[in-house]
């Protein structure tokens, strides 16, 4: 089992690194793993300039490519992914934000199906929940599942023994969830919000230009006529709700963008 940890701290051995090491320790107790740490500070992330080339033409046309392709290759080769960031100014670090921005095309063309994710945020004050949920939400849109979050205090603070033990239990529990997720056969059943998101992106891809990267990507995978990215069971009451939502989407789209 290969676990990739994308580290969003500008420091090598800070509180966030300590948290991931605790997860690694529990994972090694449960089975044989190969752990790879990638420090985003050492990667050429560049900065998204909002040109939309990756979305309309394809990610290969990004004018500031840098190490994005290498990072994606490592993600695709992993059995589990850890996204870790300390909290700076109530949010993720600029390194993590750059990383998320550079993968914006994955919202339109998700690809990391069946890749379980653990998003970890550490802070001396506030902002852990917003930070971990930002990373987790992006991962879900990219196709990752299941996705878990952990919010922690800075581990290099003078914590009480009881609080430190609580942190350790939390991290060990998260590690166990990730490990179990890798042992499942096939991707998990999507949640209702995932089914809704699929229909939003499917509608956008279907109405994009026939030679656009999105349209080609969805068409070639048969997603334009599918209920989801991969075969899955959808309860009847979900289907009824989804049809209602699709009707509302079409009405809204017609009012805002016209019928073309």
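The values are calculated or read from the model by the stated rules, or taken from the named source; none is laboratory data. This structure is a prediction, so every number in the text was calculated from the model and none was measured. So basically every Cβ, Gly included, is an ideal-geometry build from the backbone, and we count neighbours across all protein chains shown.
Below is a table of values for the structure above.
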| quantity | calculated |
| --- | --- |
| Number of positions in the range 40-68 that are surrounded by 15 or more Cβ atoms within 10 Å (Cβ to Cβ) and on the phi > 0 side of the Ramachandran plot | 3 |
| Pick from the range 178-207, criterion buried (at least 16 other Cβ atoms within 10 Å of the Cβ) and without any contact (Cβ under 8 Å) to a residue 40 or more places away in the chain, ranking: nearest to residue 53 (Cα to Cα) | 202 |
| Candidate set from the range 25-39 (those that are touching a residue at least 40 places away in the same chain (Cβ under 8 Å) and touching a strand residue (DSSP E or B) at 6+ places or on another chain (Cβ under 9 Å)); member that is surrounded by the fewest Cβ atoms within 10 Å (Cβ to Cβ) | 36 |
| The range 7-16: number of residues that are at pLDDT 95 or above and either out of contact with any helix residue (DSSP H, G or I) (no Cβ under 6 Å at 6 or more places or on another chain) or farther than 26 Å from residue 128 by Cα (or both) | 1 |
| Test result for residue 38, farther than 30 Å from residue 205 by Cα, assigned to a helix (DSSP H, G or I), assigned by TED's automatic domain parsing to the domain that holds residue 163 and modelled with pLDDT of 95 or more | no |
| Residue selected from the range 208-235 under the condition closer than 18 Å to residue 188 by Cα and exposed (fewer than 13 other Cβ atoms within 10 Å of the Cβ), by the criterion nearest to the chain's Cα centre (by Cα) | 231 |
